[in-house]
Amino acid sequence: MVDTKIPPGAADRTGSHTGKSPAPVKGSKRTWATAASGRTAALLVSPTLLVLTVVVLYPTLMALKESLYGTKGLDPQTGFISDTEPFVGLQNYADIFGDAGDRFWNAFWNTTFFTVTTVGLETLIGVAMALIMHRAFSGRALIRASILIPWAVPTAISGLLWRWIFNSDGIANALIGHQVLWTTEGFHAKVAVIIAEVWKTSPFIGLLVLAGLQVIPKEVYEAARLDGAGPLAQFWRITLPLVKPALLVAVLFRCLDALRMFDLPYLLIGAQKNSVETLSMLAQNEASNVRFGPAAAYAVLLFVYVFLIALGFVRLLGADLVGDVGGPARTKGKSRLRRGSIRNSAEVPTA
Amino acid sequence: MNARTSRVLQCSAVLVAAGLVLTACGSSDDSSSSGASKSPSFSGRGPITYAAAKDSSGVVQKVIDSWNEQHPKEKVTFVQLPADVNQQRQQMIQNAETKSDAYTVLSLDVVWTSEFAAHQWIDQLPAAQFPLDKMLKPTVQTGQYRDNLYAVPQSSDGGVLYYRSDLLKKAGVAATPTTWAEMKAACAKVEKLPEAKGMDCYAGQFQKYEGLTVNFAEAVNSAGGVITDADGKPNVDTPEAKKGLDFLVDSFKDGTIPKEAITYQEEEGRQAFQSGKLVFLRNWPYVYSLAEKSKVAGKFEVAPLPGLTGAGSSSLGGHNVALSSFAENKATALDFMKFFTSQDTATTFLKDASMAPPYEALYDDQALVKQYPYLPVLKKSILNAVPRPRVVQYGDASSAIQQEAYAALNGDKSSAQALKDLQDELQKSAAQ
C-alpha cells in the first residue's frame, strides 16, 4: 500500500480540532471549573435532549408498547367493534413464524434484495459519477448540475415519471422493442423499481464521494506518478483507500434509506404487490386496515433490522460516523484525515 | 472512553425514564369511555365542518355558501381532504381514533359504511327524516349497516359499457350486445372490418387495485354469483361465481381482452378506447364527456353492462354523508345533511359537476337527459347494481379479492383454486 502520510500543513487544515480536548489537569480549582462547565454544558444541551425525547424516544416507546396489543374484536351480537385492544404480549412477533409470516418474510426478503442490489449498483455508478465530476474540463459545472438532477426530483414525482416510462406502451417497451408489462407481478417489477431507484439515488453517492475526492491532496498523486503508478494503480491504491471513509458513510446512509423504501414501489408498481412489497409498505398496509398492533410490530422489527445493519457497518467496516469517538488504536495521520474528510462530506447532503 | 460510555448510559437511562412517564400519561385515558349510546341525541347548534375530498369543480363550496347565507349562526366550513381515497379514509380514521371533533359531517365512499359504523366512528341516523324512498334502492343499501341507516346517499355511480356504435353498424350488428357471448360475437364481426385492424375487443380495470375488486364483483354478480350472501357471509366458491371469473380468465386467454389490460386502471382504459384501440370498454360515466372531445366523438354509445345470460350487474360507486360520533352541534349537522342530500342539491351537483344523483326522478328529467345522454343507461346500471361486499374489514376483503382474482387472470392459479382460496381468506377475515 502506498504510504498515505500527508504533509503537516494539510493535517492541520483537515483535523486541527483533535488537539483541543486536553487531558484533565490535576488540582481542585481545575476540577471545580470542569464540573461547573459540565453543568453548563448539560444545561445547554437539555433543550435538545428534551426535543429528542419528545420526537424520537416517546414515539419509539409508544410503538413498542402498541406492538404488544392485538386487533380490536367484533362483537357478533351488536355488530360493533370493541373499544379496547386486547393485550397479546409478544404474539404479534411470534406470528411472523406462523401462517401469517409468509407475507412478512416476503416483504423482508424484498427489502433486503432491494437494499443489496440498489446500493451495490448505486455505489458503482456513484463512484464513476464522482470521478467524472472531479475531472477538470470545460462544462464541468453543467455536468455536475445535470448529474444531480435525479436526486433533486422528489421520489413521488420520479415514481410517477417512471410509471409512464414503464407503461404498457411506454418508452421502456419502445426501446427494448418487446412488450413487457412492468407493473404486473413478477421479477420485471423488481427490475423496474431497481432501475428507478438507482437512477434517483446514485447522485447521492456521487456527491459524497466527490466531497471525499476533493480532500485528497494532489501531492499524493504526484508522488505516485513519480513512482511510476498507472491510472489503475492510482485508483486502487490511492483514490479508493482515501475515499473509503466518505464512501462508507454514503453507503451506510443509502442502506438505511433503502431499508425503509416505501414511496417508489408504492407509486411505481402499486400497493399490495407481492413482488415489490417492502417492510414499510407492509406496516403501512396493516395500519391502514386499523391493525395497529401488528403494524407496530413490523415497524419495530424493521427498526431493529436497520439498527443491526448500522451497528454492523460501524463494527465490521469501521465506518467512523461519530468523529469524536475515534479509538486511540488508529494511526494519527489516518484518523485525522478520516475525520476531516467525513466532516467535509457529511455537510454536503444537508446543504 | 469508558467514562464517556457510562455517561451516555446514564443519559439514556434518564431519557428512558422520562419517556416511560410520558407513556404512562398518554395511556391513562385508554379504557374510560366505553360503549357510546345506541340512540344518539342530535343536540347543539352552531358552526360545523364538512370533510370531503378536494373538489376541483367548486360546486361543493357553492352549495355550502348557499347554506351559510341562510344560516349565518350555523356556518359550515368545508375541510378539503386529499384527492386520494385511501388518504381520505386514513385522515378520517385518525380523526376518529383521537376522538377529535374537527370533522362533523363526513363524505364516505360507499364501501366504508360498515367499517365506520362497526367502529362507532359515525352515528346511527333517523331514517324517517330522509327521503330515502325517492332514492334508488341500491344506493340506500350502501348507507346501511345491519339494517340501520348510518349514511345518506349524496351521489351515486355505476359502471356502463362504452362501445363503438359506428363499427358495430358497419359490421352489421343490429342489436347492442346484452350478454358476454353476444359481445364476443360482435367483436368477431367487427374485427373483420379493414378499419378495425389491430383493434382489441374489450377491457375494464384489471390492475391489482380497487378497480379489480369492482370488475371481479361485476363479473361474478353478472353470472348470478355472489361474493357475500344476504347475511354478509362469504359465499364465493360457487359454480356461478366460477362462470363469472372464467369469463375474464378465458377472455384474457383468447385475446378478447388484450394482454396489457392487466395493467389498466380507469385512465389507461379510457385512453385506449379514445385512441381507437378498443371496441368495448367498461368504465364509469365520467368518461362520456371526455370521449366526446376525443377522436371517437360521435362514434360511440353507452349501454348497460352485459352478463352471462342477460343484462349484467354493476358495482356501485358514489359517496354518502355520515355524522361523526365525536362531533359537536349535531342538530345543525343533521339539518345540513338533509339540505346536502336533498333533491335540489343533487340537481345542482348533476348539472354543474356531472355527479350522478341518488334520486330516481332526475334520471327521467328530459332537460337533464339532453345534457347527459347516458342517464337512462346509468339508471338501469344502478338499479341492477349490487353493492360491493358490505363487510367491516372491507380493506382486507378487497385485498383478498385482488390477490386471488389477479392470480387467476395471470394464469398463476386456476379459477376454481382462486375462488376456493378466496372463500378461505374471506372467512378468515370475517372471523376476526
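The values are calculated or read from the model by the stated rules, or taken from the named source; none is laboratory data. Keep in mind that what you see is a predicted model, and the values were worked out from it rather than measured. Every residue, glycine as well, gets a Cβ built from its backbone with ideal geometry; the counts of neighbours run over all protein chains shown.
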*Quick one: count up the residues across segment A:173-223 that are under 21 Å from B:Gln403 (Cα atoms), more than 14 Å from every other protein chain (Cβ to nearest Cβ) and not aliphatic (A, V, I, L, M).*
1
*Going through segment B:401-432 one residue at a time, which ones are surrounded by fewer than 23 Cβ atoms within 10 Å (Cβ to Cβ), within 22 Å of the chain's Cα centre (by Cα) and among the small types (Gly, Ala, Ser)?*
B:Ser429, B:Ala430
*If we scan segment B:382-395, do we find a residue that is of a type in the set (Phe, Trp, Tyr) and more than 14 Å from every other protein chain (Cβ to nearest Cβ)?*
no
_Looking only at segment A:277-312, count every residue that is away from chain B (no Cβ under 11 Å), β-branched (Val, Ile, Thr) and touching a helix residue (DSSP H, G or I) at 6+ places or on another chain (Cβ under 7 Å) and tell me the total._
4
*Inside segment A:146-256, counting only helices (runs of 4 or more DSSP H) that do not spill past its ends, which hold 2 or more residues that are more than 30 Å from A:Phe313 (Cα to Cα) and among the small types (Gly, Ala, Ser)?*
A:171-176, A:218-226
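Filter segment B:249-263 for residues that are part of a loop (DSSP other than H, G, I, E, B) and more than 19 Å from B:Lys413 (Cβ to Cβ) and give the result. Walk me through it before giving the result.
Going residue by residue through segment B:249-263, those that are part of a loop (DSSP other than H, G, I, E, B) are B:255-258.
Passing the criteria: B:Gly255, B:Thr256, B:Pro258.
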*Among A:Ile171, A:Ile194, A:Ile176, A:Ile147, which is at pLDDT below 95 and surrounded by 18 or more Cβ atoms within 10 Å (Cβ to Cβ)?*
A:Ile147
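Here is a yes/no grid of residues against (1) more than 13 Å from every other protein chain (Cβ to nearest Cβ); (2) at pLDDT 90 or above:
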{"site": "A:Ala63", "(1), (2)": "no, yes"}
{"site": "A:Gly73", "(1), (2)": "no, no"}
{"site": "A:Gln77", "(1), (2)": "no, no"}
{"site": "A:Ala100", "(1), (2)": "no, no"}
{"site": "A:Trp105", "(1), (2)": "yes, yes"}
{"site": "A:Phe108", "(1), (2)": "yes, yes"}
*Residue that is farthest from the chain's Cα centre (by Cα) [pool: residues in segment A:57-93 that are among the β-branched types (Val, Ile, Thr) and within 21 Å of B:Thr98 (Cβ to Cβ)]*: A:Ile81
*asked:* So B:Asp29 ticks every box in (1) within 30 Å of A:Val54 (Cα to Cα); (2) surrounded by fewer than 16 Cβ atoms within 10 Å (Cβ to Cβ); (3) modelled with pLDDT of 95 or more but one. Which box is left unticked?
replied: (3)
*Go through B:Gln427, B:Gln417 for me and flag whichever is farther than 22 Å from A:Thr71 by Cα, at pLDDT 90 or above and either in contact with a Gly (Cβ under 8 Å, 6 or more places away or on another chain) or among the polar types (S, T, N, Q) (or both).*
B:Gln417
*Which of the residues that make up segment B:402-429 are away from chain A (no Cβ under 11 Å), in contact (Cβ under 8 Å) with a residue 12 or more places away in the chain and closer than 25 Å to B:Gly255 by Cα?*
B:Glu404, B:Ala405, B:Ala408, B:Gly411, B:Ser415, B:Ala416, B:Ala418, B:Leu419
